[in-house]
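The next block holds one structure in the form of C-alpha cells; read it before the comments.
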Amino acid sequence: MKIVLYAVLIAAFGGFFLYVGSTMFNQQLDSTRIYYAYINNSPLKVAIANTEETRSQGLSGLESLPQNHGLLFVFPENEKYGIWMKGMKFPIDIMWLDENLRVVYWKNDISPDTYPKIFYPPIEARYVLETNVGFIEGHGIKDGIKLKLISYRPAVFNFGGLFSQ
C-alpha cells in the first residue's frame, strides 16, 4: 500500500513541477540572451523582446538582420498584438504564435514603407516572431508549426550589436 501511495505522490509532484517549469520558462524568457531555436526543422537564433522598452524598439534602427535570426516579442497574455514598421530599414516576415509557440497567423514581405499601418492577427497570440523577408516562404512556415526554443547563451540586447555574439 505504501508503494502505491509513494508512486502517486511522485507522479503528482512530477507533473506539478513539469507544469510549473514550462510555465516559468515561457514567462521568464530573458532579453539578455540569444536563444537557439528550430521552426519547421530550420535553425534560428532568436533575441527576446520581453519588456515594454524592447518590444517598442523591436528591430527599428537596425540596418539589417543576419540570415536565420529573429526577434521574439514576448507578451504577458494572449491578445491581438499589432506590429508596425516604424523606424524599420528593411522588410521582414512576421509570425504570431500562441502560448504553446505554435504559429497561428503570419504575414510575409512587410515593407518599411507600410508605416504607419499596423498589422494585426485575426486571432489572439502570446508571441510575435520577426525574421528576414523570405523566411516564411523559404522554410515552409504554415499555421500550426511550432517554434522550439532549445538553449541560450549570454548576449547584449543593445540594438547596435544585437546579434554580435
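FYI, it's all coordinate maths here, none of it is from the lab. Everything quoted here is computed from the prediction, not taken from an experiment.
List of remarks:
- In a fully extended conformation the segment linking LYS80 and VAL133 would gain 16.9 nm over its present Cα-Cα distance, using 0.36 nm per residue.
- Candidate lysines for bridging to LYS117, where Cα separation is under 28 Å - those fewer than 8 sequence places away on the same chain excluded: LYS45, LYS80, LYS86, LYS89, LYS107, LYS142, LYS146
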